[in-house]
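The values are calculated or read from the model by the stated rules, or taken from the named source; none is laboratory data. Only a predicted model underlies this, so the values are computations on that prediction, with no experimental measurement involved. Cβ placement follows ideal geometry from the backbone for every residue including glycine, while neighbour counts extend to all protein chains displayed. These area figures cover heavy atoms from the full protein model, side chains too; ligands, DNA and RNA do not enter into them. Shrake-Rupley method; radii C 1.70, N 1.55, O 1.52, S 1.80 Å.
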Amino acid sequence: MQRLRLKADGRIVELRDGGEFPLAPATTAPVAPLEVRDLRRRVHLTQQEFAAKLGVPVETIRNWEQGKRMPRGPARALLTVIAHAPDTVFAALAKT
């Protein structure tokens, strides 16, 4: 089983052999509206389905995609992880 850790700076690292190995380059830019839409489309979900899987109101997804609001904090981190391992994230969220 692969062990991943989300670092405070947004990097995702794999934990193995007592070390941390980056899976993706660090990003300092906030998640842009088009990136949220592209991510949702890449996992083949409607706004309603995506909102339900994340446990947020559909209005939140709409606001992110229209650029009215930007994902921050835990939501931004969750979107970053979904971008790299969507099946794993959705499987873990389904168990809660």
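Give the residue list of trypsin sites (Lys or Arg not before Pro) in the range 32-96 that are DSSP loop and have at most 11 other beta-carbon atoms within 10 angstrom.
Details: sites: R37, R40, R41, R42, K53, R62, K68, R69, R72, R76, K95; in loops: K68, R69, R72, K95.
Sites meeting the loop and neighbour criteria: K68, R72, K95.
With no solvent and one equal point scatterer per Cα, compute the Debye intensity ratio I(q)/I(0) for the chain at 0.10, 0.22, 0.23 Å⁻¹ and report its log10, rounded to two decimals. Each listed q maps to, in turn, -0.27, -1.19, -1.28. Against the main long axis of the alpha-carbon atoms of the chain, helix 73-84 sits at an angle near 70°.
Counting only Cβ charges, +1 for Lys and Arg and -1 for Asp and Glu, the dipole size of the chain around its Cα centre is about 200 debye.
If we count every other residue with Cβ under 15 angstrom of A92's Cβ, Lys/Arg +1 and Asp/Glu -1, where does the sum land? Display every interim value, and only then the final one.
Details: positive: R3, R5, K53, K95; negative: D87.
Value of the local net charge: +3.
Accessible area per residue for the chain is 67 Å², calculated with a 1.4 Å probe on protein heavy atoms, without ligands, DNA or RNA. For E49, the shell of other residues with beta-carbons less than 12 Å away shows a net charge of +3, using +1 for Lys and Arg and -1 for Asp and Glu. For the range 64-71, 3J(HN,Hα) computed residue by residue from phi via the Karplus equation (6.51, -1.76, 1.60; θ = phi - 60°) reads 4, 5, 8, x, 6, 9, 10, x Hz, glycine and proline entered as x.
For the chain, the relative contact order is 22 percent, taking Cα pairs closer than 8 Å that sit 6 or more residues apart in sequence and dividing their mean separation by the residue count.
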